[in-house]
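Here is the structure we will look at.
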Amino acid sequence: MYVYILTNPIRTVLYIGMTNDLQRRLEEHNTGLGEAGKFTGRYQTNLLTISNCALTQYRQ
């Protein structure tokens with residue numbers, strides 16, 4: 001499980017998400033698929049700022 005944060009170029013909007021497949025999820029954001037794709041397209045949050053394996057952090 002991954003927790004990730006996307007932001008826009010001027011870093012005024014944040015999108016926080018969670019997924020099992022980070023690469024697939026980022027592709028969905030970049031291509032505008034689903035509800036998250038609509039948000040990231042509208043606010044242009046296409047810069048990955050943080051990616052963290054949630055289960056690893058939780059277990060520690």
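The values are calculated or read from the model by the stated rules, or taken from the named source; none is laboratory data. No experiment lies behind these values; they were computed from the predicted model shown. Here the Cβ is made from the backbone with ideal geometry for all residues, glycine too, and neighbour counts use every protein chain on show. Ligands, DNA and RNA are stripped out before the accessible areas are found, and what is left, the full protein with its side chains, is counted by its heavy atoms. Shrake-Rupley method; radii C 1.70, N 1.55, O 1.52, S 1.80 Å.
Summary of computed values
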item	result
Where a residue in the range 41-59 is modelled with pLDDT under 80 and its partner, wherever it lies, is open to solvent by 90 Å² or more (accessible area, probe 1.4 Å) and of a type in the set (A, V, I, L, M), with Cβ under 8 Å and at least six apart	Ala54/Met18
Among (1) part of a helix (DSSP H, G or I); (2) at pLDDT 85 or above; (3) not charged (D, E, K, R) - the single one Tyr4 does not satisfy	(1)
Extreme residue, least open to solvent (accessible area, probe 1.4 Å), among residues of the range 1-45 that are basic (Lys, Arg) and more than 9 Å from the chain's Cα centre (by Cα)	Arg24
